[in-house]
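J.: Before anything else, here's the structure in question.
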Amino acid sequence: MITANRRVQAGVERGKCFEIEVDGEKILAYEGETIAATLLASGKRSCRKTTKRKEPRGIYCGIGLCFECRMMVDGKPNTRVCQTLATPNCKVQTQYIDLED
Amino acid sequence: MREVELAIIGAGPAGICAAIEAAKSNVPVTVIDENLRPGGQIYRRLTDSFVVTDENKLGKDYIRGTKLIGELERYSPKIELTEDAPVWGIFADKEIAFMHEGENEELKPQKLILAEGAYDRPMPFPGWTLPGVFAAGGALRMVKTERVLPGKRILLAGTGPLQLVLATQLMQAGAEVVSVLEAATSTVVWKYFPRFWGQWELLKDGLHYLWQLRRGKIPYLTSHAIVEARGDQEVKEAVYARVDKDGEPIPGTEKTVEVDTICAGYGLIPATRLSRLCGCEHKYEPCLGAWVPSHSENMETTLPGVFVAGDGAGIGGALVAMEEGRLAAIKACQQLGYITQDEARHRSLPIFKKLKGLRRFESALNEIFSIQKGLFTRITDDTIICRCEEVTAGEIRETIADFIAKEEISIQEIKRLTRAGMGNCQGRMCESTIAQMISIETKRPVAEMEWFTPRPPVKPIPLGSLAAEET
């Protein structure tokens with residue numbers, strides 16, 4: 001159940017609103033925001049599980065360098081959600097193992 | 001391969017100003033940037049789907065960015081800007097390879113200006129890999145240009161002025177900022193005051209942010225550092241402590257605070273993957289704790305016709321970056337024969353003068369907020385150093401110890417033996433730490449510790465795009 005809305009309203013108006021699917025759950029996204037922002041807005045912060053220690057990892061550097069936020073997006077592994085815009089009905093999944101793309 | 005006269009990589013403050021300066025001299029200029037919009041990190045734009053109703057809410061730098069990008073647009077007929085185009089390699093004689101719209105493209109400029117920018121220095125502490133621990137710059141991006149809060153109850157920990165900017169932004173956006181931990185001691189600041197003299201605009205900025213913190217009743221704790229992030233699936237608690245003047249946590253001073261988010265901002269590291277690929281000379285800058293490309297006063301590297309500008313050439317902030325971009329462009333325009341040596345000198349002189357004061361200020365900041373050695377004592381043996389390959393500090397220390405016996409050591413060997421630095425981030429998140437760890441364990445100067453040798457591709461490229469080209 002995703003309830004949080006951590007979007008900041010001050011200073012901006014957002015564009016079109018649509019749903020995306022995150023690990024089977026529908027969450028609300030806005031046009032022009034990265035999947036990382038959509039996830040944070042809903043309070044979801046874990047993106048993947050590491051291969052060796054099975055630890056959760058989330059968004060760290062936020063500018064596309066650390067690769068901690070890589071997830072499966074529409075079936076494509078290793079997608080950095082901080083660099084990828086949310087699109088209507090896109091399917092985002094926690095990445096459980098390191099996959100070659 | 002397409003040949004051009006002048007290419008600029010990076011459209012942050014340095015790259016933008018270089019492009020404008022070149023356009024003023026009627027030099028056709030090609031700018032390549034990896035982001036969707038120009039601005040770099042500090043002047044990053046919201047995407048077009050957002051309507052900005054009040055720029056003031058996005059902070060001072062957003063307004064400055066709007067002005068600068070407006071100027072860039074006025075020169076747009078003369079500037080070819082390719083966005084969404086990460087440069088993944090530079091080969092012999094300035095041949096640039098980059099990805100754009102799923103295709104690999106190549107460019108061969110006569111003159112090249114690298115404005116690579118900088119990124120948050122990764123500083124490991126136990127629990128720093130938990131979801132909910134953000135690099136300060138990443139958190140700032142989320143709140144400023146994605147307009148989303150990284151969490152609700154937030155602790156800021158690190159060193160340097162970016163922390164103040166972030167605290168202000170988070171607070172104004174409605175987050176609860178528990179405290180700002182500053183590793184540096186407050187007493188050292190005063191002796192630097194003469195070097196701040198004259199830079200009233202920058203001082204005003206600093207005081208503005210300190211005032212905002214005070215108004216928001218956010219404690220600004222100098223000589224304090226985070227020692228552990230705790231939680232099972234994500235951050236639930238932070239442990240912090242008072243540190244001595246060397247940054248070493250003082251036992252018995254630990255406090256635990258309930259938070260859901262930690263923003264760690266230990267200064268910036270110049271991004272030098274491309275300058276290192278070029279093969280120009282670099283030198284170790286102790287205050288920055290990083291390698292920077294050596295350059296002339298006109299920003300030319302040891303490779304003729306290759307220039308650097310902005311934070312990628314040493315951390316100086318946006319104002320320094322803009323002036324350096326201008327200087328590099330003026331020299332490049334002269335070398336291309338568009339302006340005379342006299343005109344180049346005439347245009348550069350006032351910039352040298354301006355830079356002198358700005359650099360005096362910024363170098364004082366870099367000294368005050370340099371990384372103290374004691375901060376590395378926070379790293380317990382089970383702390384992850386290489387996030388990608390999950391290599392712990394213990395494994396790295398063991399490997400270093402094996403080498404000490406053999407009296408030969410290099411960061412490349414540590415990489416080969418532990419796999420640290422072999423993952424997706426290509427060592428960006430661990431090379432500075434490993435260099436420090438080797439220095440600490442072997443008691444040799446960190447300046448002797450080279451970083452990893454970057455190899456193309458330095459940005460991810462779909463393998464198919466290259467394979468297609470070879471056939």
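Each value in this text was obtained by applying a stated rule to the coordinates, not by laboratory testing. These numbers come from a predicted model, not from an experiment. All Cβ positions, glycine included, derive from the backbone under ideal geometry; neighbour counts span all protein chains shown.
J.: Counting pairs of alpha carbon atoms under 8 Å apart in space and at least six apart in sequence, what relative contact order in percent does the stretch B:90-172 give?
T.: The value is 18 percent.
J.: Report the one residue of A:C69, A:A29, A:L40 whose Cα lies farthest in the direction of the positive end of the charge dipole of the stretch A:18-93 (charges on C-beta: Lys and Arg +1, Asp and Glu -1; origin at the Cα centre).
T.: It is A:C69.
J.: Towards the positive end of the charge dipole of the protein assembly as shown, with charges on Cβ (+1 Lys, Arg; -1 Asp, Glu), say which of B:W200, B:A139, B:G289 has the farthest Cα.
T.: Positive-end residue among those listed: B:W200.
J.: Moving on. Using only the alpha-carbon atoms of the stretch B:77-133, report the extent along each of the three principal axes, biggest first, to the nearest angstrom.
T.: Dimensions of the stretch B:77-133 along the principal axes of its Cα atoms: 48, 24, 23 Å.
J.: If you wrap a convex hull around the alpha carbons of the stretch B:122-266, what volume per residue comes out, as a whole number of Å³?
T.: 111
J.: Considering only the other residues whose Cβ falls under 10 Å of the Cβ of A:C66, what net charge follows from Lys and Arg at +1 and Asp and Glu at -1?
T.: Taking every other residue near A:C66 into account, the sum is +3.
J.: From the convex hull of the Cα coordinates of the stretch B:194-325, what is the mean projected area in square nanometres?
T.: For the stretch B:194-325, averaging the hull's shadow over all directions gives 11.8 nm².
J.: Within chain B, what's the longest run with no trypsin sites (Lys or Arg not before Pro) in a DSSP loop and at most 13 other beta-carbon atoms within 10 Å? Give the range, please.
T.: That would be B:1-216.
J.: Where does the stretch B:1-87 land on the Kirkwood hydrodynamic radius, alpha-carbon pairs, in angstrom?
T.: Computed over the stretch B:1-87, the radius equals 13.4 Å.
J.: Give the whole-number value, in cubic angstrom per residue, of the convex hull volume spanned by the C-alpha atoms of the stretch B:280-337.
T.: Given the Cα convex hull of the stretch B:280-337, per-residue volume reads 63 Å³.
J.: Dipole of the stretch B:379-448, Cα-centred, from +1 at each Lys and Arg C-beta and -1 at each Asp and Glu C-beta, to the nearest 20 debye?
T.: 220
J.: Using only DSSP helix segments of four residues or longer, with each worth -39500 (n - 2.57), what per-residue ellipticity at 222 nm results for chain B after dividing by its residue count and rounding to 500?
T.: Dividing the helical sum by the residues of chain B leaves -11000 deg cm²/dmol.
J.: Follow-up. Restricting to Cα pairs below 8 Å that are 6+ residues apart, what does the relative contact order work out to for chain A? Please round to a whole percent.
T.: Relative contact order for chain A comes out at 30 percent.
J.: Fewest to most neighbouring Cβ within 10 Å: what's the order for B:V31, B:V51?
T.: In order of increasing Cβ crowding within 10 Å: B:V51, B:V31.
J.: For chain B, what relative contact order do you get, as a whole percent, if you take Cα pairs closer than 8 Å and at least 6 residues apart?
T.: Relative contact order comes out at 18 percent.
J.: Okay, moving on. Please name which of B:L114, B:A321, B:G305 has its Cα lying farthest along the dipole of the protein assembly as shown towards the positive end, using unit charges on Cβ (Lys, Arg +1; Asp, Glu -1) and the Cα centre as origin.
T.: About the Cα centre, the residue reaching furthest to the positive side is B:A321.
J.: Compute the normalised compactness of the stretch B:379-448: alpha-carbon radius of gyration over 2.2 N^0.38 Å, N being the residue count.
T.: In units of the globular-protein estimate, the stretch B:379-448 measures up at 0.99.
J.: Then there's this: To the nearest µm²/s, what D does Stokes-Einstein give for the stretch A:18-93 at 37 °C and 0.692 mPa s, using the Kirkwood radius over alpha carbon pairs as Rh?
T.: The calculation lands on 270 µm²/s.
J.: How much net charge surrounds B:R44 when only the other residues with a Cβ under 10 Å from the Cβ of B:R44 are counted, with Lys and Arg +1 and Asp and Glu -1?
T.: With Lys, Arg at +1 and Asp, Glu at -1, the neighbours total +2.
J.: If you place +1 on the Cβ of every Lys and Arg, -1 on the Cβ of every Asp and Glu, and leave all else neutral, what size is the dipole of the stretch B:20-73 about its Cα centre, to the nearest 20 Debye?
T.: Dipole magnitude for the stretch B:20-73 comes out near 160 debye.
J.: To continue, here is another question. Determine the sum of side-chain charges near B:Y75: Lys and Arg each +1, Asp and Glu each -1, restricted to other residues whose C-beta is under 10 angstrom from that of B:Y75.
T.: Net charge around B:Y75: 0.
J.: Which three lengths, in whole Å and largest first, does the protein assembly as shown cover when its Cα atoms are put on their principal axes?
T.: Principal extents (Cα only, largest first): 64, 54, 54 Å.
J.: Per q in 0.09, 0.14, 0.15 1/Å, what log10 I(q)/I(0) does a Debye calculation on the alpha-carbon atoms of the stretch B:282-427 return?
T.: -0.45, -0.83, -0.89
J.: Please get the size of the charge dipole for chain B, origin at its Cα centre, with Cβ charges of +1 on Lys and Arg and -1 on Asp and Glu, quoted in debye to the nearest 20.
T.: My answer is approximately 1760 debye.
J.: When you have a sec, figure out the Kirkwood radius of chain B from all distinct Cα pair distances and drop it here in Å to one decimal?
T.: 23.1 Å is the Kirkwood radius here.
J.: In whole angstrom, how far apart do the alpha carbon centroids of the stretch B:294-352 and the stretch B:375-410 sit?
T.: 40
J.: Let me ask something else. Round to the nearest 10 and give me the degree value, 0 to 90, for the angle of helix B:341-368's Cα axis relative to the longest principal axis of chain B.
T.: 0
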